[in-house]
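One structure is given below, encoded as structure tokens.
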Amino acid sequence: MPGGFASGVTFPRTAAEVAAAVAAASRVLPIGAQSSLTGGATPRGDVIISTRALTDVALLPGGTVRAGAGVPLAELQRLLAARGLYYPPVPTFEGAFVGGTIATNAAGAATFKYGSTRDWVEAIRVVLADGSLLDVRRGDTTASAAGAFEIEYASGVVSRVPVPAYRMPGVPKLSAGYFARPGMDLIDLFIGSEGTLGVIVEADLRVVPLPRRSLALLTCSSDEQAIAVAAALRREAAASWRGEGPLDVSAIEYIDSRALARLPSAAYTRAGMAPPAATAVVLLLQMEVPGDESAAMARLGAVLEACGVGADPYLATPGDDRAAARLIELREAVPAAINALVGSAKAAIDPAIQKTAADFIVPFDRVGESLALYRAGFERHGLDYAIWGHLSDGNLHPNVIPHALEDVERGRAAILDMAGAVIAMGGAPLAEHGVGRSALKQALLRELYGEQGIADMRAVKRALDPFWKLAPGVLFPEA
Ligand SMILES: Cc1cc2nc3c(=O)[nH]c(=O)nc-3n(C[C@H](O)[C@H](O)[C@H](O)COP(=O)(O)OP(=O)(O)OC[C@H]3O[C@@H](n4cnc5c(N)ncnc54)[C@H](O)[C@@H]3O)c2cc1C
């Protein structure tokens, strides 16, 4: 997001220092690792509150960990793994901070099995706009029957916060403004609020025993075959979670042929595989194998055979971290390659060229239809593009590959056009990256909930932050 500027930056080390910084400033932007893809962490003259010095971590009894907002997830996983534990809802970018991932309700490949960040947050400590500290524990405070919360500030002032009336789509991932549901928990209002309602300083997160994992990279001959494989694997996974089968699939990642064609040959060499045929698509499966993996592998072989997948998968067996890293590297090379193409177009053609991408989710049984919609939408606008993402959740990222500045505008128009159809399928145009300060994402939020929905969110914002101090311009324009 170009054009960021700040009037100051502060690196508080304690909740009290965060509170003092918020109380003293007139506009603040809390930031984590600034890996936001929506401009949410790009300041517009605000005082930046960097959370990077809030790094305390403590294991609590009962399968939870208390982590400061500035703890990078990779660091959290390293500390947990040393104790045989794991925090499941990690986004693809593991450098993101605990606070940033809660603020955006981040989700990732394994949301299919584990849900999104929201499902793992038990408690948060949050600094409100006036500098008050609020401790919110799941289960302690729910909205009244009249649809509101009452929050009492340190000053004694009581604020009534109305719960928005819109209905959220029933998808497994959603990062689309404020959570709203009758009788909802107060903690859910802050999770996913992208810094606009309070600064999260620490959180209690649920953790699980570290799973033994294996990976498999499969080549399918077409989108149709990849979707049939994913549907069969989703059924296998559901059976294994009921204790009725060995194939516990926790994620199915998808890379289309157009993205594969953009990968440098070195990416395939490093992964130890030959570049696939021009029309092939790739699936990367993550499986959990508590004991002997032979039953799971036999079942995988049977599923692939039934779906007509001829080529043997490339496997990384549990404990083979080098093989796993090579396969994950291939998956990560995809956004890197497309971002590099955007960067070259920016350098060679027009500095105003920007990444233009969607973050759509549809119910899994509509995913084939959605892929056809994305392809037709881009093709109708004469655009080059590539698609990849978290197929097990129906969450894909159609990306424009720009060859001219007009492609950025055309790409945004195409994404807006597609959004209506995605919503009509029971999906959402804002699955996991959030809304931030992106004009396109804010337009998608209006498309999802309408002007009344935005008015409902503004009413929440006004009640908790009457002077529009926290992350102003994030989610919707300033009042
Ligand atoms: C390569 C790549 C892959 C990605 N893959 C995924 C993915 O799979 N899934 C996914 O969900 N996202 C993904 N993202 C997006 C991004 O990583 C997530 O949105 C992440 O949750 C942001 O965390 P952060 O610490 O970088 O937050 P930032 O980018 O610093 O901030 C994001 C927003 O949260 C607010 N915020 C940050 N910290 C706090 C706090 N302590 N209190 C209140 N508000 C705060 C900011 O004001 C801002 O609005 C990806 C990004 C990259 C670059």
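The values are calculated or read from the model by the stated rules, or taken from the named source; none is laboratory data. Predicted model, so just to flag it, every value in this text is computed and none were measured. Using ideal geometry, Cβ is built from the backbone for each residue, glycine included, and neighbour counts are taken over all protein chains shown.
Please work out which one of (1) assigned to a loop (DSSP other than H, G, I, E, B); (2) more than 15 Å from the ligand (Cβ to nearest atom) is the condition Arg410 fails and give its number.
The failed condition is (1).
Mind telling me which of the residues Asp365, Asp359, Asp320 ends up being under 29 Å from Met287 (Cβ atoms), within 12 Å of the ligand (Cβ to nearest atom) and of a type outside the set (A, V, I, L, M, F, W, C)?
On inspection, the qualifying residue turns out to be Asp359.
Residue-wise test of (1) in contact with a helix residue (DSSP H, G or I) (Cβ under 6 Å, 6 or more places away or on another chain); (2) over 28 Å from Ile401 (Cα atoms).
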| residue | (1), (2) |
| --- | --- |
| Asp223 | yes, no |
| Val249 | yes, yes |
| Ile252 | yes, no |
| Pro264 | no, no |
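Could you list, in sequence order, all residues of the range 60-75 that are in contact (Cβ under 8 Å) with a residue 24 or more places away in the chain and surrounded by 15 or more Cβ atoms within 10 Å (Cβ to Cβ)? Can you show your working first?
Restricting attention to the range 60-75, the residues satisfying the condition of being in contact (Cβ under 8 Å) with a residue 24 or more places away in the chain are 60, 63-73.
If the condition is that a residue be in contact (Cβ under 8 Å) with a residue 24 or more places away in the chain and surrounded by 15 or more Cβ atoms within 10 Å (Cβ to Cβ), then Thr64, Val65, Arg66, Ala67, Gly68, Ala69, Gly70, Val71, Pro72, Leu73 are the ones that fit.
State whether one or more residues within the range 348-366 are more than 18 Å from the chain's Cα centre (by Cα), small (Gly, Ala, Ser) and part of a helix (DSSP H, G or I).
Checked against the condition, which is being more than 18 Å from the chain's Cα centre (by Cα), small (Gly, Ala, Ser) and part of a helix (DSSP H, G or I), the range 348-366 yields at least one hit.
Taking the criterion of being without any contact (Cβ under 8 Å) to a residue 12 or more places away in the chain and either over 27 Å from Ala336 (Cβ atoms) or within 16 Å of the ligand (Cβ to nearest atom) (or both), would at least one residue in the range 77-89 satisfy it?
yes
With the requirement that a residue be closer than 17 Å to Asp204 by Cα and either at pLDDT below 95 or within 9 Å of the ligand (Cβ to nearest atom) (or both), what does the range 104-116 give you?
Thr104, Asn105, Ala106, Ser116
Among the residues in the range 29-50, are any in the same structural domain as Ile124 (by TED's automatic domain parsing), farther than 29 Å from Leu430 by Cβ and at pLDDT 95 or above?
Within the range 29-50 (the criterion being in the same structural domain as Ile124 (by TED's automatic domain parsing), farther than 29 Å from Leu430 by Cβ and at pLDDT 95 or above), the answer is no, since none of the residues qualifies.
This table checks each residue for (1) away from the ligand (no atom under 16 Å from the Cβ); (2) out of contact with any helix residue (DSSP H, G or I) (no Cβ under 9 Å at 6 or more places or on another chain); (3) closer than 30 Å to Pro12 by Cβ; (4) not in a loop (DSSP other than H, G, I, E, B).
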| site | (1), (2), (3), (4) |
| --- | --- |
| Ile102 | no, no, yes, yes |
| Arg118 | no, no, yes, yes |
| Arg125 | no, no, yes, yes |
| Gly131 | no, no, yes, no |
| Glu150 | yes, yes, yes, yes |
| Gly156 | yes, yes, yes, no |
| Gly195 | no, no, yes, no |
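For residues that are among the aliphatic types (A, V, I, L, M) and free of Cβ contacts under 8 Å to residues at least 24 places away in the same chain, scanning just the range 368-393, find the one that is farthest from the ligand (Cβ to nearest atom).
This residue is Ala376.
Quick check: anything in the range 76-86 modelled with pLDDT of 95 or more, buried (at least 17 other Cβ atoms within 10 Å of the Cβ) and either of a type in the set (D, E, K, R) or touching a Lys or Arg at 6+ places or on another chain (Cβ under 9 Å) (or both)?
no
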